[in-house]
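The structure appears below as structure tokens.
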Amino acid sequence: MKNGPWRSINAASLRNRFDYVKAFSKRLTGDIRQGGLDYRAMSLVYTTLLSLAPLLAVGFSVLTAFGVHNQMEPVLLELVAPLGLQGAEIADRIIGFVSNIKVGVLGFVGFATLFYTVLSLLQKIEESFNHVWRVKRLRSFQRRFSDYLSVLLVGPVLVFSALGLIASMANTEIAQTIIGREPFGTMYYLLGLILPYLLIIGAFTFAYRFIPNTHVNFRSALVGGIVAGISWRAAGWLFAEFVVNTTRYAAIYSGFAILIVFMIWLYVSWLILLIGAQISFYHQHPRYIRLADREVKPSHQLLERLGLLIMYLIAKHFRQGNRPWTIDALSQRLALPDLVIENVVDTLKKRNLILTAMEEPSGFVPARDPSTIALSEILEAIRSSPAEALPVDQEALSVPAVDHLLERLHACSAQATECVYLKDLVDS
């Protein structure tokens, strides 16, 4: 009898977890089929084929300048390892093609074109990640140039230098002496088995953390990185078995078979990367899991309430000298998805009612003295929508009875907010 309540609690907890996993799986499947992840993965395959050689050429030139270019081929072989012998052939052809590219003789126009092709791939990746994270805006041109440049120039040098340093340290006499003793030998062997997983998980985590044009928690990025990294390695094993049994495709497609298999592997890799990004997003924003649709469309009444609430909270924190509200903080306080809050905040910013504070993390403050911001101005900002910019035939939408009713409603609303300012709302 004493265990009865605990059994019911445990049963309820298990049921809630099962419902959560069921809802999460259904939502993730819907994102792949209807959310456009599969189509974006296909788009990235096409962009990769166009940008792979320029990307490796730029990276090869940078790595050559630092003397660590010899580390590129082993990494490329690791990426195409599931293709078996065909993967080694593809890697040899790519390395040979890249080695024959003379960046110094391309000229300014040729180098600019080469660099633009590489930047277009990174921009495509950012657009796909922003789609997953419901972010509508790309980085500014200045931020794109600086961030992408650091990824292209600094990132490869640090990664390959670290790999080269690890390899050279392992070959030293002291390291060999330590490895020859137990349990260090076993630990070194296990580290060799685990290190490929750690590297790929670290690469995925880095992508999820820094590529989206929004704040991503490290823990959420790590969860997505772990799932995507393990899935990518597992998919590599399965794809290797698939390649072994595809000899009949060579008889059908002849020389094109290797290209087709390579494109399929690129598609699988990009799809896993985007699925991992989606898992990171749901880990950071679990409220989106149970939404019926991807796009959240609140009613006009809710939008008006949110507009007044957000302005009230921002002005109150500003007057009290507290830290400015952020999108995440407002989302938690109002128990609504970030996308809804972000749309209202963007509307208020466009009407010069709030500004983004310079401090980190960037929050929001009133654009001017709350005693000069009328409540009617806030409501008018929320009620104005892009739909009003459509070409509308006023005569076709005009009926005297309806016009008279709307005029009365507008007059009542104006009377209710007459001479009432945001400062009065906060002080009350």
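Can you confirm whether residue 353 is under 27 Å from residue 378 (Cα atoms) and surrounded by fewer than 21 Cβ atoms within 10 Å (Cβ to Cβ)? Step through it out loud before you land on a result.
Working: under 27 Å from residue 378 (Cα atoms): yes; surrounded by fewer than 21 Cβ atoms within 10 Å (Cβ to Cβ): no.
Spelling it out, it is not the case that residue 353 is under 27 Å from residue 378 (Cα atoms) and surrounded by fewer than 21 Cβ atoms within 10 Å (Cβ to Cβ).
Which is surrounded by fewer than 13 Cβ atoms within 10 Å (Cβ to Cβ) and either more than 30 Å from residue 286 (Cβ to Cβ) or modelled with pLDDT of 70 or more (or both), of 104, 59, 84, 36?
Just a single option satisfies the conditions, and that option is 104.
Give just the number: which of (1) part of a helix (DSSP H, G or I); (2) modelled with pLDDT under 75; (3) of a type in the set (D, E, K, R) does residue 182 not satisfy?
With respect to (1) part of a helix (DSSP H, G or I); (2) modelled with pLDDT under 75; (3) of a type in the set (D, E, K, R), residue 182 is out only on (1).
Report, ordered by the first and then the second residue, all pairs with beta carbons closer than 7 Å, sequence separation of six or more or different chains, a first member in the range 212-231 that is of a type in the set (Ser, Thr, Tyr), and a second member that is crowded, with 16+ Cβ neighbours inside 10 Å and assigned to a helix (DSSP H, G or I).
Hits for this filter: 220/280; 220/283; 220/284; 231/272.
The values are calculated or read from the model by the stated rules, or taken from the named source; none is laboratory data. All values reported here derive from a predicted model rather than from experimental measurement. Note that we place each Cβ from the backbone using ideal geometry, even for glycine, and neighbour counts take in every protein chain shown.
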